[in-house]
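K.L.:
Got a structure for you, questions after.
The values are calculated or read from the model by the stated rules, or taken from the named source; none is laboratory data. Every value quoted in this text rests on a predicted model; they were computed, and no experiment measured them. Here the Cβ positions follow ideal geometry from the backbone for every residue, glycine too, while neighbour counts run over all protein chains shown. Just the protein is used for accessible areas: all its heavy atoms, side chains included, with ligands, DNA and RNA removed. Shrake-Rupley method; radii C 1.70, N 1.55, O 1.52, S 1.80 Å.
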Amino acid sequence: MSQITKLREHDVICALSTPAGVSGIAVVRVSGPGSWELARTITKWGEQEIVPRQTYLRWFYDLEDGEPFDQGLIVFYQDKSSYTGQESVEFFPHGSPVIVERLLFQLCQKGARIAEPGEFTFRAFLNGRLDLVQAEGVLHVIESQSVEQAKQGLRHLRGVYSQKLSMLEQQLVRVLAHMEADIDFALENLTTASQEQLREWMTSVAVQLDEMLQGAQKGRILKEGVHVLLMGPPNSGNSTLLNNILGEEKAIVSPIAGTTRDVIEGSILIEGVRFYFYDTAGIRQNSSDEIEGVGIKKALDLTRRVDLIFLILNPHVDIHFSEFHFLTDLNVPVITLFTHRDLGERRVSTPEYSLSTHWISNLKSDEAKALVVGLLKEQFLTRCPRDLSLMVHVHQEAALQKAREHLKVAVGLMDQHVGTEIISLEVREALYCIQKVLGKHFDDDILDQIFSEFCIGK
Amino acid sequence: MMGQDHFDIIVVGGGHAGIEAVAAADRLGKRVALVTPDISRIGVMSCNPAIGGLAKGHMVREIDVLGGVMGLAADACCIQFKRLNASKGPAVRGTRMQEDKDLYARFMLNYLRALPNVTLIQGEVKAVILEGTRCVGVVLHDGAQIRSRAVVLTTGTFMNAIMYTGLKGEEGGRAGEKATKGLSDQLRSLGFDVRRLKTGTPARLDRNSIRWEILEPQKGDDRFYPFSFRSPKQVQLPQVLCYISRTTPETHDIIRKNLHLSPMFQGIIEGVGPRYCPSIEDKVTRFSDRDSHLTFLEPEGLNTNSIYLQGISTSLPAEIQDQFLRTIPGLENVNVLRYGYAVEYDFIVPTQIFHSLETRYIKNLFLAGQINGTSGYEEAAAQGILAGINAVRAIENKPPFILTRDQAYMAVLVDDLVTKGTNEPYRMLTSRAEHRLVLREDNTLDRLGEISIKEGLVSADLMELILSHRQKRERLLMELGTHKLTPKQWVQEMLVAKGSTPLLKAVTYEEILRRPEISWQDLYDLGWNEGLYEPDIAEAVEIEVKYSGYIRRQNELIAQMKRYEEMLLPENLDYSLVRGLSKEEVEKLSTVRPRTLAQASRISGVNPSAIQCLMVYLKMLGKRNYEGSREQCI
């Protein structure tokens, strides 16, 4: 969004607030001084007094030919009670692209203009209706692709996240207060917190930041989905398992080793979170097939970018554990699935790079799918307490990480008996980082970034 | 007074602010009159018997480098010397000197009498004389007028002052001295926002009635560092001991039972008192879980029996003071020479003055000291010197002399006052200075010396001293960086003995000194023998070495802030047009009229989101102007 249009906040702006496409009802939002008058014109309102926040059923007119083109609900908002903090109107026309476009066209004919991405929320922020963290939450709700993700956004919007951070802010302010009092009131013989106490307080904030950052990781998972790689030696059954999980024949399955050459992808929702699965070429060292070789390389590249790897092995054929030894060096959890349990559980030691091993009889069975889903739930959905799984934006995450680093340095300096005035410098910086996320520390970069990320309508 | 008497500058008030204002104007060659109700009371220390302390000591040195008097007087009359926070980091060490109060006041009077351009006038100022919106002199209580081209008001706690010992108030600005009437009423009628503040002082005790033998004595430091670069390096008076005692549960009982007799608790005093210097009534009620508070018994001089009871300021009735004082160990039979009292007085809300300390509404009228809502001798003196300098600049039609927050504590003081105003008597603290690591006592000359010479406040000879210090520091730094310490057996043992770690290879002494646990003194034990350096040089270098990384980082932060310091806000900006500002913010911004975005961000009650809105608005203004000019081209 260009800075210039964003700042013309006295314009009347309008936009479709619901997704483009066909739907039962669409929402078109109008905001800015003069919105009411505009709506009166388009609905040929007459003299009736408008009661804010009340729904009216009205015809929407094309002012060229004077004919109505749709009938729908309309709601008026006063500046104090609207989303943007400005005089606003919401139209609820039928959700046909033709009707919506016609309504927007009529509005623009009468002096409104189409809103820039994020402009409604920008106005809400400017008018003090949202704080920065809440404003970012809106973005999350809009961009969310799954239920859980939308919930996260809403939670964010309600300020849970702000509250938690404000608490940490308070704790650091307390640490600083004690440090500064100790310096500035040396004569007064104050009983300020001991070094051990300060150390404990700072460590506690650092731990809480750690938890939030773990939550952040989970938040990212919710936003972007979880990426799972299925791999194994050729002909181990990855493709069969993939098709079973997805419930459709995505991958070609054949008894010929090396059938899967390219990466096959598909996704399902588990408890509202999107999981992406990748099936890759079977890994073998000495593939003479050039295309297969490219596939193997792709699979290896993927191992560095996914959140979890299922390694599928048939213990009844020779296993070359060494072929997968490279997994040890990856920072990705690996779960080993041994197939052909029905042929008997051979004693096979768990590979050292594997988090856990599980036995499956039939890769096509519901049991196999249930096992995989259960493992994924355990790994990604249950471990993290829900209230910690707070959405954190990338720049917020960076700021919190920085805050934690500063605190760690502060604690380190304290152990080296460095002067309080230096340690307080670190704590202060940690505090700034947190305040930055809370929108309390002014820095124009945050604003620019946030508002360039917003999508239209909200 | 002769109506035709014409001065360049009139300074009203002979306290710590007035003295510095007069002396600064004199140094700059102006004819100055100091008008005060009682010439014999010039330079009196009305409250505690000490000069300096954390952040305050820093300001005394700053005043000194600008050619001020306070440091010289304090050095000459010092009867106990202490370096505060000596065990903490060097940036937050502060010098505090206890003074012989009589000698201190006498020093000041003699100093002013010796100044060639100064006239001392005894009289009470009732009003200032205005020509349009310009201040051109003062009217005395007898109606006499004294004309001048600029006026500096340093009336301290005297404007409409009422003193309380118990519920009954009596007019007066200080024990035994009358209040100043009329002046603040005139200022109020001119549109100034005038409010009330309160401060208090403890009882003075008779030295001969105290059981010293049961009290714990406290000694000053052996090593003396004078405030002034012009003072001798040794103390000039015999040094005294202070003593410690504590209040008891009985003390607190008596105070609690008699709170209804305290004017503060009866709501008779409406002025706000200083939070960092609470009365004993306050301490007892606010920290009711504590059954004892420390108190220091400090002699007020060498030739007086008066003992100052630090920490027990009170405005309870005299008989109650007698009662509770006698429950403090050592004071069982104490005789009170003067009872503690509270004083409530008028001050001018300081957001109504510029950084130059000139008022916004009246030209050539300057305010300095407690009239601006500050507390403390040093805060007053710092404003006095700046007001004196700026009064001279005003009548010479020169731009004001304004220091920045990264240059001096004085600048932090003034910027805070004019930006944030104050709700309580403002005291300087090191934590108020975001550039604390740079604003140190040891580098005051370096920070302000050249500016002071350029301003004509000190002789250009000072440059030699600045340069010689600089050279010595550089030489010492170079030597530390070249001489190496090798990991010999005894070196390793010595390092371990000092709580440090053994060497892995030969390192320079600079690197060793960088270790937090190794001090400059330790270097001598580690074989350092490269000549002798004055302690202040060595200390400055030690700080440089130990803290250079942090100082660099702080400098980077300062540089970042400068960006906002450089974003100027238009003088005629209509804040009500800026969307997103609350009513309160519009009001505050319109009153303070900050010069820069950075200053706006320091106004209390103006939220960061408001700063963002302002930034957006500024950008918008820029764009509009740009768009406007483009449209014209088309």
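K.L.:
For the protein assembly as shown, what is Rg from Cα atoms divided by 2.2 N^0.38 Å, rounded to two decimals?
P.N.:
Numbers: Rg = 37.4 Å, N = 1092, 2.2 N^0.38 = 31.4 Å.
Taking N as the residue count of the protein assembly as shown, the ratio is 1.19.
K.L.:
Give me the one-decimal nm value for the distance between modelled label points at B:Leu532 and B:Asn333, 7 Å along each residue's Cα-to-Cβ direction.
P.N.:
If labels sit at B:Leu532 and B:Asn333, their model points lie 5.0 nm apart.
K.L.:
What is chain B's relative contact order, in percent, from Cα pairs under 8 angstrom and six or more apart in sequence? Spell out each step's value before the answer.
P.N.:
Numbers: 1306 pairs, mean separation 100.9, N = 634.
Relative contact order here is 16 percent.
K.L.:
Still on this structure: Under 26 Å Cα to Cα from A:Lys80, which lysines show up? Leave out anything in the same chain fewer than 8 places away.
P.N.:
Within reach: A:Lys6, A:Lys44, A:Lys110, A:Lys440, A:Lys458, B:Lys583, B:Lys588.
K.L.:
Another question about this same structure. In the protein assembly as shown, carbon and sulfur make up what percent of the accessible area (probe 1.4 Å)? Provide the component values of the computation, followed by the final result.
P.N.:
Numbers: 23130 of 45860 Å².
Its accessible area is 50 percent carbon and sulfur atoms.
K.L.:
Work out from phi, with θ = phi - 60° and the Karplus expression 6.51 cos²θ - 1.76 cosθ + 1.60, the ³J(HN,Hα) of each residue of the stretch B:479-494, listed in order in whole Hz, and give x for Gly and Pro.
P.N.:
For the stretch B:479-494, the Karplus curve yields 5, 4, x, 9, 6, 10, 10, 9, x, 7, 3, 5, 5, 4, 5, 5 Hz.
K.L.:
Pop out the ³J(HN,Hα) list for the stretch A:227-238 in order, Karplus 6.51 cos²θ - 1.76 cosθ + 1.60 with θ = phi - 60°, rounded to Hz; leave Gly and Pro as x.
P.N.:
With coefficients 6.51, -1.76 and 1.60, one gets 10, 10, 10, 9, 8, x, x, x, 6, 8, x, 3 Hz.
K.L.:
Still on this structure, please answer the following. Whole-Hz ³J(HN,Hα) for each residue in the stretch B:175-180, computed from phi via Karplus 6.51 cos²θ - 1.76 cosθ + 1.60 with θ = phi - 60°, x for glycine and proline: what do you get?
P.N.:
Result, ordered by residue: 3, x, 10, 6, 7, 9 Hz.
K.L.:
How far apart, in nm, are the 7 Å Cα→Cβ label points at B:Ile214 and A:Gln416?
P.N.:
5.0 nm
K.L.:
Averaging sequence separations of C-alpha pairs under 8 Å and six or more residues apart, then dividing by the length of the stretch B:1-146, give the relative contact order as a whole percent.
P.N.:
29 percent
K.L.:
Straight distance only, please: which lysines reach the Cα of B:Lys181 with their own Cα at less than 26 Å, same-chain residues fewer than 8 apart left out?
P.N.:
B:Lys126, B:Lys168, B:Lys198, B:Lys363
K.L.:
Mind grabbing the interface size between A and B? I mean buried accessible area, both sides, 1.4 Å probe, in Å² to the nearest hundred.
P.N.:
Summing both sides, the interface buries roughly 3800 Å².
K.L.:
Another question, if that's okay. With every protein chain left in place and a probe of 1.4 Å, what is the accessible surface of A:Glu224, to the nearest 10 Å²?
P.N.:
Rounded to the nearest 10, that gives 100 Å².
K.L.:
Mind ranking B:Cys277, B:Cys613, B:Cys47 by accessible surface for me, highest first, 1.4 Å probe? Intermediate values should be presented prior to the final figure.
P.N.:
Details: B:Cys277 65, B:Cys613 5, B:Cys47 35 Å².
Solvent-accessible surface, decreasing: B:Cys277, B:Cys47, B:Cys613.
K.L.:
Further question on the same structure: Quick one: which residues, 5+ away or cross-chain, put their amide H under 5 Å from the amide H of B:Gln236? H built at 1.01 Å from N.
P.N.:
Amide H to amide H, under 5 Å and 5 or more residues apart or across chains, B:Gln236 pairs with B:Cys78.
K.L.:
Something else: Counting only other chains, what is the mean number of Cβ atoms within 10 angstrom of the Cβ of each residue in peptide A:419-431? Don't skip to the end; give the middle numbers.
P.N.:
Values: counts 13, 4, 13, 12, 1, 4, 9, 2, 0, 3, 2, 0, 0.
Other-chain Cβ atoms within 10 Å of each residue's Cβ, averaged: 5.
K.L.:
Show me the ranking of peptides B:190-202, A:94-106, B:285-297 by mean Cβ neighbours inside 10 Å, starting with the highest.
P.N.:
Values: B:190-202: 19.9, A:94-106: 17.0, B:285-297: 15.1.
Peptide ranking by packing, descending: B:190-202, A:94-106, B:285-297.
K.L.:
Next question, about the same structure. Over the stretch B:85-156, what is the relative contact order in whole percent, taking alpha-carbon pairs under 8 Å and six or more residues apart?
P.N.:
On the way: 57 pairs, mean separation 11.0, N = 72.
Answer for the stretch B:85-156 is 15 percent.
K.L.:
Residues with amide H under 5 Å of A:Val226's amide H, sequence separation 5 or more or different chain, H placed in the peptide plane at 1.01 Å from N; which?
P.N.:
A:Arg274, A:Phe275, A:Tyr276
K.L.:
Based on the Cβ-Cβ distance of B:His6 and B:Asp142, what FRET efficiency does E = 1/(1 + (r/R0)^6) give at R0 = 22 Å, to the nearest 0.05?
P.N.:
Calculated transfer efficiency: 0.70.
K.L.:
Please compute, for peptide B:78-87, the average count of beta-carbon atoms on other protein chains lying within 10 Å of each residue's beta-carbon. Don't jump to the answer; show the numbers that get you there.
P.N.:
On the way: counts 0, 0, 0, 0, 2, 0, 5, 8, 1, 2.
Partner Cβ neighbours, averaged per residue: 2.
K.L.:
Starting from the amide H of B:Phe347, placed 1.01 Å from N in the peptide plane, find each other amide H under 5 Å away whose residue is 5 or more places distant or on another chain.
P.N.:
So B:Phe347 has HN proximity to B:Arg195, B:Arg196, B:Leu197.
K.L.:
Checking the cross-link filter: which lysines have an alpha carbon closer than 23 Å to that of B:Lys233, excluding same-chain neighbours under 8 positions apart?
P.N.:
Once the sequence-local lysines are set aside, what remains near B:Lys233 is B:Lys56, B:Lys82, B:Lys101, B:Lys219, B:Lys472.
K.L.:
Calculate how many DSSP beta bridges within chain B are antiparallel, expressed in % of all such bridges and rounded to the nearest 5.
P.N.:
Values: 54 of 76 bridges.
Taking every DSSP beta bridge within chain B, about 70 percent pair in antiparallel fashion.
K.L.:
Just the number please: accessible area per residue for chain B, 1.4 Å probe, all protein chains included, in Å². Could the numbers behind the result be given before it?
P.N.:
Details: 25350 Å² over 634 residues.
Solvent-accessible surface per residue comes out at 40 Å².
K.L.:
Something else now. Grab the DSSP H runs of chain B that are 4 residues or longer, score each as -39,500 (n - 2.57), total them, divide by all residues and round the 222 nm result to the nearest 500 deg cm²/dmol.
P.N.:
After summing the helix terms and dividing by the residues of chain B, the value is -11500 deg cm²/dmol.
K.L.:
Enter the mean number of other protein chain beta carbons within 10 Å of the beta carbon of each residue in A:175-186, as an integer.
P.N.:
Values: counts 0, 1, 1, 0, 1, 6, 3, 3, 14, 14, 5, 12.
Partner Cβ neighbours, averaged per residue: 5.
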